[in-house]
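For reference, the structure is listed below as structure tokens.
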Amino acid sequence: GLGDYLYARGDWENAHQAYGIYRKGPAYVDPETQEVLGFAALDKGMARMETVEGDIARMKVTDSKEDIRPKDRLIPTEERKVDSIFYPKSPDGEVNGEILHVFSGVRNVSQNDVVVINRGAREGMMIGDVLAVKTKGEVVKDRITGELVKLPDQRRGIMMIFRTFEKVSYGLILRSEAPLSVGDVVTNPE
């Protein structure tokens with residue numbers, strides 16, 4: 001925990017001053033293709049480099065969100081400029097994706113939540129892309145014919161992409177007119 005020291009093994013030739021401490025989280029799996037798109041990295045805290053001897057480093061925990069355990073991973077803190085200005089726009093191509101994960105740790109999604117979708121740079125997603133969020137239409141039985149009919153998807157919100165990776169993207173829910181959830185569809189805005 002906070003203030004404790006830990007020892008880590010690794011290649012410290014180009015050591016950094018500070019490291020994030022992460023635990024491997026759930027896999028992001030495309031619901032259509034079953035392709036593993038990546039894994040969540042669960043943030044557990046921060047550590048500062050103290051000393052290095054060979055491949056062993058001694059570090060001091062400077063922030064702890066939960067208990068830090070053996071097998072947690074250290075990643076140098078990412079020094080990248082966070083864009084404070086976004087230019088919202090419609091995506092260049094057609095988007096048909098799905099919400100895979102919500103960072104608030106629950107299944108339900110609401111305004112200002114950050115979500116992961118199953119579309120990334122390889123599908124042409126770009127920072128600033130605005131998407132409609134729709135709940136999937138239910139499949140119901142037609143009482144006259146007896147056949148199963150899928151009702152239309154219902155638009156329930158808007159999101160904007162603020163970070164892209166090869167196979168997934170992070171989006172911010174800008175507006176939510178009704179409860180959203182993991183599994184809801186993301187498409188081009190109408």
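The values are calculated or read from the model by the stated rules, or taken from the named source; none is laboratory data. Here the structure is a predicted model, which means the values were calculated and not measured. Counting neighbours? That spans all protein chains shown, and the Cβs are built from the backbone with ideal geometry, glycine included. Note: areas computed on protein heavy atoms with side chains; ligands, DNA, RNA excluded. Shrake-Rupley method; radii C 1.70, N 1.55, O 1.52, S 1.80 Å.
Once R0 is set to 22 Å, what does the formula 1/(1 + (r/R0)^6) return for the Cβ-Cβ distance between residue 84 and residue 104, expressed as a FRET efficiency to the nearest 0.05?
Working from the Cβ atoms, E equals 0.45.
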So, in nm, how far is label residue 136 from label residue 36 when the simple model puts each one 7 Å beyond its Cα toward the Cβ? 2.3 nm
Kirkwood radius from Cα pairs of region 84-156 plugged into Stokes-Einstein at 25 °C, 0.890 mPa s, gives D in µm²/s equal to 165 µm²/s
Taking only the alpha-carbon atoms of region 1-42, the convex hull volume per residue, in cubic angstrom, is 117 Å³
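Where only protein heavy atoms count, and the probe is 1.4 Å, what is the accessible area per residue for the chain in Å²? Mind dumping the intermediate values first?
On the way: 11830 Å² over 190 residues.
Per-residue accessible area for the chain comes out at 62 Å².
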Stretchable slack from residue 154 to residue 50, in nm (0.36 nm times residue separation minus alpha-carbon distance): 32.0 nm
Could you tell me the convex hull volume per residue, in Å³, taken over the Cα atoms of the chain? 159 Å³
Net charge, residue 166 excluded, C-beta distance under 13 Å - Lys, Arg +1, Asp, Glu -1: +1
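Could you give the size of the charge dipole of the chain about its Cα centre, using +1 on the Cβ of each K and R and -1 on the Cβ of each D and E, expressed in debye and rounded to the nearest 20?
Values: 27 positive and 31 negative charges, 81 e Å.
I would put it at about 380 debye.
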For residue 157, distant residues with modelled amide H under 5 Å away: 133, 177
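Assigning unit charges at the beta carbon (Lys, Arg +1; Asp, Glu -1) and nothing else, what dipole magnitude in debye, to the nearest 20, does region 98-190 show about its Cα centre? Provide the component values of the computation, followed by the final result.
Values: 13 positive and 12 negative charges, 22 e Å.
So the dipole magnitude of region 98-190 works out to roughly 100 debye.
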Dipole of the chain [Lys/Arg +1, Asp/Glu -1 at C-beta], most positive-end residue of 39, 106, 70: 106
Hey, rough spin-label estimate for residue 43 and residue 75, points 7 angstrom out along Cα→Cβ, what's it come to in nanometres? 1.1 nm
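Under the rule a/c < 1.5 gives rounded, and otherwise a/b versus b/c splits prolate from oblate, where does region 106-190 land using the Cα gyration tensor?
Values: a/c = 2.62, a/b = 1.94, b/c = 1.35.
The shape class here is prolate.
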Please report the carbon-and-sulfur percent of the accessible area for the chain; probe 1.4 Å, protein heavy atoms only, DNA, RNA and ligands left out. 50 percent
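Return the subset of 24/134; 24/65; 44/71; 24/71 for which the Cα-Cα distance in this structure is over 19 Å, preserving the input order.
Numbers: 24/134 30 Å; 24/65 15 Å; 44/71 12 Å; 24/71 9 Å.
Beyond 19 Å between Cα atoms: 24/134.
Of the peptides 18-27, 154-163, 38-47, how do they stack up when ordered by the mean number of other Cβ atoms within 10 Å, highest first? Don't skip to the answer; put the middle values down first.
Numbers: 18-27: 15.8, 154-163: 19.5, 38-47: 17.6.
With the highest mean Cβ count within 10 Å placed first, the list reads 154-163, 38-47, 18-27.
Provide the net charge surrounding residue 100, with neighbours chosen by a C-beta distance below 15 Å and charges set as Lys +1, Arg +1, Asp -1, Glu -1. Walk me through the numbers on the way to the answer.
Values: positive: 107, 119, 136, 163, 167; negative: 30, 32, 35, 98, 113, 123, 166, 184.
Counting the neighbours of residue 100, the net charge comes to -3.
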